[in-house]
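The values are calculated or read from the model by the stated rules, or taken from the named source; none is laboratory data. In this text, all values refer to a predicted model and were calculated from it rather than measured experimentally. We place every Cβ from the backbone using ideal geometry, glycine too, and count neighbours over all the protein chains shown. Ligands, DNA and RNA are stripped out before the accessible areas are found, and what is left, the full protein with its side chains, is counted by its heavy atoms. Shrake-Rupley method; radii C 1.70, N 1.55, O 1.52, S 1.80 Å.
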Number of protein chains: 6
Amino acid sequence: MRILLINPNTSQSVSDLIAAEARRAASASTHIDVVTAPLGVAYIETRFEALIGAYAAANLAAEKASKYDALVIAAFGDPGLWGIREAVDIPVIGLTEAALMSACMLGNRFSIIAISHRITAWYRECVQANGLAGRLASIRCLQQPLQDIGTVQTDHESRLRELCMQAIDADGADVLILAGAPLAGLARTIRNDIPVPLVEGVSSAVRHAETLIALAPGTAERGSFSPPPPKPNQGLSAAMQALLKRERPPI
Amino acid sequence: MRILLINPNTSQSVSDLIAAEARRAASASTHIDVVTAPLGVAYIETRFEALIGAYAAANLAAEKASKYDALVIAAFGDPGLWGIREAVDIPVIGLTEAALMSACMLGNRFSIIAISHRITAWYRECVQANGLAGRLASIRCLQQPLQDIGTVQTDHESRLRELCMQAIDADGADVLILAGAPLAGLARTIRNDIPVPLVEGVSSAVRHAETLIALAPGTAERGSFSPPPPKPNQGLSAAMQALLKRERPPI
Amino acid sequence: MRILLINPNTSQSVSDLIAAEARRAASASTHIDVVTAPLGVAYIETRFEALIGAYAAANLAAEKASKYDALVIAAFGDPGLWGIREAVDIPVIGLTEAALMSACMLGNRFSIIAISHRITAWYRECVQANGLAGRLASIRCLQQPLQDIGTVQTDHESRLRELCMQAIDADGADVLILAGAPLAGLARTIRNDIPVPLVEGVSSAVRHAETLIALAPGTAERGSFSPPPPKPNQGLSAAMQALLKRERPPI
Amino acid sequence: MRILLINPNTSQSVSDLIAAEARRAASASTHIDVVTAPLGVAYIETRFEALIGAYAAANLAAEKASKYDALVIAAFGDPGLWGIREAVDIPVIGLTEAALMSACMLGNRFSIIAISHRITAWYRECVQANGLAGRLASIRCLQQPLQDIGTVQTDHESRLRELCMQAIDADGADVLILAGAPLAGLARTIRNDIPVPLVEGVSSAVRHAETLIALAPGTAERGSFSPPPPKPNQGLSAAMQALLKRERPPI
Amino acid sequence: MRILLINPNTSQSVSDLIAAEARRAASASTHIDVVTAPLGVAYIETRFEALIGAYAAANLAAEKASKYDALVIAAFGDPGLWGIREAVDIPVIGLTEAALMSACMLGNRFSIIAISHRITAWYRECVQANGLAGRLASIRCLQQPLQDIGTVQTDHESRLRELCMQAIDADGADVLILAGAPLAGLARTIRNDIPVPLVEGVSSAVRHAETLIALAPGTAERGSFSPPPPKPNQGLSAAMQALLKRERPPI
Amino acid sequence: MRILLINPNTSQSVSDLIAAEARRAASASTHIDVVTAPLGVAYIETRFEALIGAYAAANLAAEKASKYDALVIAAFGDPGLWGIREAVDIPVIGLTEAALMSACMLGNRFSIIAISHRITAWYRECVQANGLAGRLASIRCLQQPLQDIGTVQTDHESRLRELCMQAIDADGADVLILAGAPLAGLARTIRNDIPVPLVEGVSSAVRHAETLIALAPGTAERGSFSPPPPKPNQGLSAAMQALLKRERPPI
């Protein structure tokens, strides 16, 4: 199996974290690639930045999807996820979605641990769009400014551990989600000290992508996730144009 | 007052409909401009197309906002609306949002009349993101292929009237929303024959934009609609870069 | 345009606040009148008082509606709003509804700042009846007894400012609503010191009323907001009897 | 035990139906009185009529409550229920509420069978205000004009039976609620032919009132159902003024 | 009337509390029996223990139902309630359900006071399954280990009183529910000191059972609460087999 | 990896279907066992039967869990799932839950195709307990009596295909779930003819179980999925007693 993780952030350091965690999580026979957005911001925290990241991810998906068995949109918040799922004919999974699915199989109510206050509104809306707001116990977050997005998890490890314990004891979380690509890998580091199951997006997404490839559930030829109907377009990259032209045969 | 309507579709014919309806709806002293997306598809029906439209609209907003008192994202479905609202410091309103607000002040439950079956999932998710799914009586839509997006409202007028009556009599709608910029102006044409209040997005958005300008409620310096925190970015237009650099003074 | 604001409270001092704010908010050509309930309590805080206020407002609406282009039920909590909307054939708007609509176009989640603890349950139920409980971040309120309902906003200004800041920082409000006719005008006073958009009901209602008049969406001849079916009645005022007899022609 | 049923409709014929069913349902030692609104409409179908009925019921409650152990607001839709519950210090129950509670103890999802199309919006909103919209399978209703509100149940019995069967077979109702005081007694007549439990409001309310009297749960001295705080009032009946003056001793 | 209360806990001391409170609450002519689960745990706090309790209660119901007019599943959390309701042809009521119904007729939002932290998740899920999560103000609980389940209410009375006051003042509860069979009777003890209505499950269930017997709403011959369709089974008690064989005559 | 699927139905023919599909779906190195409930009914359709199945599954889990890396509760409706998850220290997954998670990663709204009308209420409540009712487009089901639970999928294949197409075209499903262990394997047979992704529970559960084993998220030592607190019990099997005694070391 070949899985491409698309980092909608422009930070190579975050892509490196993603790649390391993805390869650790993947089955032995799975090939993992990671590509970094050439356009956008260092790390997405807001709806506006997510809108840019969605466009960057869509362009990368258009360019690369044909060489892979599944795509992962590798930013928590899942910029562009459902749109890209319409356009390509392979499974596409987002980090938030993947972590939510893992969490739902381990308990009832989950909390999200996030790297900044500003990012929490975007995460909350993403959980709502997934229809799972009723199971969200809380979102807890770092309040400090981040020095280096590539080393957040080591710079703030002790505070992140505290947030985990507060979510369990004060908010009643059954399961915790460490949110955001910059925290990829932290779950393994601290898991043994946290008294509830702990999941994160990259490893969840890679494993769930393998599952969807293996299940081979078929593609959407009808319904709201079938490919966009062909129509005039302009100003788009060659890859995007090609993607929009490709209409799967009707049943 | 100066209001810019941004058409995230690339169709000039739709922009013409928008401009005509916007000018009819605006107060005498309001100046209306309409700009058409240089990049994207002829008319947005899917999440993927909306993602492109959001990026196009964001770029136009970055370029033009400083010369206006309010922006309108002039496609039903509101591509990029909440993101753009973060980034600029003037009111930004979407057609769906505007029509929903009008409808909510005229009744309890509303139905949406749409131009294609494919477009309905995107609309439904937009209503949900606005938190108003509980008041949505139904979405009814044309099933025929559209010949010309600029003449949908005349080509299919009689069917659109039928859909209106079905929404009232079978679905219990108190108010109807004619959805989509291509139907701009139709409400005035058929209003006298429809036995419940009938609203649409362009006129609602222009009037609500005037209201927000007049109310002068202040801008978001904190909270999730304050400007994105400054951080490294790459690959963006000069206007977008300038917008992301502009940080409003903290309180 | 001629707009009548009906104060369902019996306090003339509150009517004066309402009138001043309404005239400031209205367009130059709009004529504003305010009428005070001859029957009821000084200021409504409870469901029981609201029930009385609804009846008083309905009687005033029956008496006066024919001379106006729109009515505003000028108490937060909107006593009798949806009922009166059925009975008259002009737009009728409530303060809560109007403020909610303004808030929804400025952010996602809003908080309400209220003048007493007792009033909050009634407000919460009003937000729920509007279907917007999912966007309510919090209701924060004064806890002190009120000396004079006409001077609440000056007597308690500093505490009201504190409540605003708590709603932003602790509850995550994107927008604030200053609730209740007795606070009419306060938003303008403190707006520059509050780092998120701030709206209130009177100015919102006047502007939205102008919008509905301008949009001319048509009246409800069918559905749940059409006039009550004629039937025997007794014990009602002459104006109320006349209103209940008036049946608009069927389509 | 002494229970007063307040009919917010002005129809004596409906009061007679209510009285008969209430006496049949009550325990042997319970004394039942029924009083008819002196002010309002023959039978409430709309929000506007309910607003009038609420005021009429409140006045009757103010006048009579001191002589009873519990009150029943005897119109489906429960006009004024929660308001009146604040003001008096005995249990107050509504027909909708009472039927909903019975239904919830007999199954999961319930349907409501109603006497007119127009009445359904008001009922739906009443179920929502009770927080039970998630268990509402459907509302089905007569579509014919009603000749005589006092004989609806016999004039339309066969159609009402059909509606019951449709709610079971097409809508998946586990339990049926025959709604509206004019149908009081019909449940007993047709129960043996309906293959799911069948409840109605009058008998449910009388029995639940007896239960609340027997449980003696205490009154609300705090919280949102404690008596309205004393304050100036005007234009109210002597009974209403007395009620508003009566403040229970604080704890 | 003959009502059997089935205690799904194995504690005889709790059954004694249940029996005492049930007899105090019942009408004079009602005969009350209590039976204790022969299989299970001393007191149910978790979903796993509830699953065992449900099976034990189902077996007791199968064995005993034919001699009674109604059953009460006498553990808060209602283990097995809806399943048992399908299988027997008399009313079956649970303590949570019964207390919720009482609470809903006394106010809008209620809080639950519970005997252990661990038990709260199970209670919350039970409220959600009843569709009433929107009216749940809070669940507050003892945090101390319980020495003796039969004397919790006296051992911890002062803390339980504190929890009541916190639920009123901090959480906005209109009504309180003392949860769990081990607290049966406490409501009567402390009621006069608590400034909002206070209910509990045993007395509510007994009274509501009497009501359902009196209303005689008919049994479910169709729909999801009709008896399970006959089919092969194995490994079950003779009583359970007999119950599963008994099919009520189709209509 | 060693995964045990527990069939809470007593039908060996269904266990055979489960085993075949589980082995087809599993990774090459995964060992699959299936065990059939010794106690219960041939196939669970109702809450009462599910209550029995939950107890049977719990006993099997207690007996066998220590020899496996994960358990699957192999009946759609997930009898006992969350309870068993508390008690054992390995991942436990249910068929409904597993299929829901797969469906959520392939689209937004899903429909469930079921083998009998009676079974649908139980399924609906299971989706609600998972917090995903908002994404449920519909449940469609066979109406015919089932001759042989082991051959439902071949006996009724053409009707099941029709139900699939109706869910897509009339209900707007993006993804379909073939529900119930008796349909295990059918998804592979008909997938190519169905124009949206099609998933079922057995293959989803096996793959998700592998994922949870690989992610090694840690066990619940706190919160509502930690093991039930030790306390007196009686009447339970030796395996159940041992399980209840085993308390994991506190952190």
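For B:A75, enumerate residues with amide H under 5 Å from its amide H, sequence gap 5+ or separate chain, H modeled in the peptide plane.
Under 5 Å from the amide H of B:A75: B:L95.
When chain B is modelled as a GNM with alpha-carbon springs shorter than 10 Å, which of B:L198, B:L136, B:L236 fluctuates the most?
Among B:L198, B:L136, B:L236, the largest GNM mean-square fluctuation belongs to B:L236.
Once each part is reduced to its C-alpha centroid, what is the distance from the range B:59-120 to the range A:113-132 in angstrom?
Here the answer is 22 Å between Cα centres.
How many nanometers, to one decimal and shortest first, lie between the label point of D:R23 and those of its other copies, if labels sit 7 Å from Cα toward Cβ?
3.7, 6.2, 7.6, 7.6, 8.9
When chain A is treated as a GNM, springs tying every alpha-carbon pair under 10 Å, which of A:T211, A:T120, A:T151 comes out with the largest mean-square fluctuation?
Judging by the Gaussian network model, the answer is A:T211.
If I model a spin label as a point 7 Å beyond the Cα along the Cα-Cβ vector, how far apart are those points for C:M1 and A:D155 in nm?
5.1
Looking at the range B:4-28, which residues lose a minimum of 10 Å² of accessible area between their chain alone and all protein chains in place, measuring with a 1.4 Å probe and not counting ligands or nucleic acids?
Residues shielded by partner chains are B:T10.
Using a 7 Å offset from the Cα along the Cα-to-Cβ direction at both A:K245 and F:S66, what is the distance between the two label points in nm, to one decimal?
6.6
Averaged per residue, what accessible surface does the range A:97-201 expose to a 1.4 Å probe, in Å²? Walk me through the numbers on the way to the answer.
Working: 3040 Å² over 105 residues.
Averaged over the residues of the range A:97-201, the accessible area is 29 Å².
Which helices count as membrane-span-like in chain E under these terms: full DSSP H, at least 15 Å along the axis by C-alpha, Kyte-Doolittle mean of -0.5 or more? Please list the in-between numbers first.
Working: long enough: E:12-25 (20 Å, -0.10); E:47-64 (25 Å, 0.38); E:157-169 (18 Å, -0.42); E:201-215 (20 Å, 0.80).
Span-like helices, by this rule, are E:12-25, E:47-64, E:157-169, E:201-215.
I'd like the Karplus ³J(HN,Hα) series for the range A:31-36: coefficients 6.51, -1.76, 1.60, θ = phi - 60°, whole numbers in Hz, and an x wherever there's a Gly or Pro.
9, 10, 10, 10, 10, 9
What gaps in nm, shortest first, separate C:A170 from its twins in the other copies when you place the label 7 Å past Cα toward the beta carbon?
Going from nearest to farthest copy, the values are 1.2, 1.2, 5.1, 5.2, 5.3 nm.
Can you send over the carbon and sulfur percentage of the accessible area for the protein assembly as shown, probe radius 1.4 Å, protein chains only?
In the protein assembly as shown, the share of accessible area belonging to carbon and sulfur is 50 percent.
Using a simple charge model, +1 on the beta-carbon of Lys and Arg, -1 on the beta-carbon of Asp and Glu, nothing else, what dipole does the protein assembly as shown show about its Cα centre, in debye to the nearest 20? Let's see the in-between values first.
Working: 132 positive and 144 negative charges, 0 e Å.
In total the dipole reaches around 0 debye.
Could you run the Debye sum over the Cα atoms of chain D, one equal point scatterer each and no solvent, and tell me log10 of I(q)/I(0) at q = 0.12 Å⁻¹, two decimals?
The calculated log intensity ratios at q = 0.12 Å⁻¹ are -0.65.
How would the range B:1-113 be classified by its alpha-carbon gyration tensor: rounded, prolate or oblate, with rounded meaning a/c under 1.5 and the a/b versus b/c comparison settling the rest? Please report the intermediate quantities before stating the final value.
Numbers: a/c = 1.36, a/b = 1.08, b/c = 1.26.
Rounded shape, in that the Cα axes give a/c under 1.5.
I'd like the interface area for chains E and D: accessible area of each alone minus the complex, both sides summed, 1.4 Å probe, protein heavy atoms only. What is it in Å² to the nearest 100?
On the way: alone 11310 and 11300 Å², together 18660 Å².
The buried area between E and D, both sides summed, comes to about 3900 Å².
Treating the point 7 Å from Cα along Cα-beta-carbon as the label, what are the nm separations from D:Q143 to the other copies, to one decimal?
List, nearest first: 2.1, 2.1, 5.8, 6.1, 6.2 nm.
If I take the rotation axis that carries chain B onto chain F, which residue of chain B has the nearest beta-carbon, and at how many angstrom?
Nearest Cβ to the rotation axis, residue and whole-Å distance: B:G134, 6.
Normalised by the residues of the range C:97-201, what does the relative contact order come to in percent, with Cα pairs under 8 Å and at least six apart? Walk me through the intermediate numbers first.
Working: 163 pairs, mean separation 37.6, N = 105.
Worked out over the range C:97-201, it gives 36 percent.
Please name whichever of B:P229, B:A58, B:L176 sits farthest to the positive end of the charge dipole of chain B, dipole taken about the Cα centre and charges placed at Cβ: Lys and Arg +1, Asp and Glu -1.
The residue sitting farthest along the positive end of the dipole is B:P229.
Mind checking the dipole of the range E:97-200: about its Cα centre, +1 per Lys or Arg Cβ, -1 per Asp or Glu Cβ, Debye to the nearest 20?
Values: 9 positive and 11 negative charges, 29 e Å.
Result for the range E:97-200 is approximately 140 debye, rounded to the nearest 20.
Among B:P217, B:P91, B:P79, which one shows the highest mean-square fluctuation when chain B is modelled as a Gaussian network with alpha-carbon springs under 10 Å?
B:P217
State, to one decimal in nm², a quarter of the convex hull surface area for the C-alpha atoms of the protein assembly as shown, i.e. the direction-averaged projected area. If you can, show how the numbers build up before the last one.
Numbers: hull surface 186.1 nm².
For the protein assembly as shown, averaging the hull's shadow over all directions gives 46.5 nm².
Restricting attention to the range E:146-233, which trypsin sites (Lys or Arg not before Pro) occupy a DSSP loop and are surrounded by at most 11 other Cβ atoms within 10 Å? Display every interim value, and only then the final one.
Details: sites: E:R159, E:R161, E:R188, E:R191, E:R207, E:R222; in loops: E:R222.
In loop regions of the range E:146-233 (DSSP not H, G, I, E or B), there are no sparsely surrounded trypsin sites (Lys or Arg not before Pro).
Hey, what did chain B get for relative contact order, percent, Cα under 8 Å, at least 6 apart?
Details: 488 pairs, mean separation 57.6, N = 251.
Contact order relative to length: 23 percent.
Just the number, please: Stokes-Einstein D of the range F:97-200 in µm²/s, Kirkwood Rh from C-alpha pairs, 4 °C, 1.567 mPa s.
Numbers: Rh = 13.5 Å.
The Stokes-Einstein estimate is 96 µm²/s.
For A:A70, enumerate residues with amide H under 5 Å from its amide H, sequence gap 5+ or separate chain, H modeled in the peptide plane.
Answer set, sorted by chain and number: A:R2, A:L4.
Antiparallel DSSP bridges in the protein assembly as shown: what percent, to the nearest 5? Mind dumping the intermediate values first?
Details: 12 of 162 bridges.
Percent antiparallel among DSSP bridges in the protein assembly as shown is about 5.
Determine the calculated [θ] at 222 nm for chain F from helices alone, applying -39500 (n - 2.57) to every DSSP H run no shorter than 4 residues and normalising by the residue count; nearest 500 deg cm²/dmol.
Numbers: 10 runs with 104 residues, N = 251.
Result for chain F: -12500 deg cm²/dmol, rounded to the nearest 500.
Projected onto the charge dipole of chain C (+1 at Lys/Arg Cβ, -1 at Asp/Glu Cβ, origin at the Cα centre), which of C:A238, C:A167, C:H208 gives the Cα projection farthest towards the positive end?
C:A238
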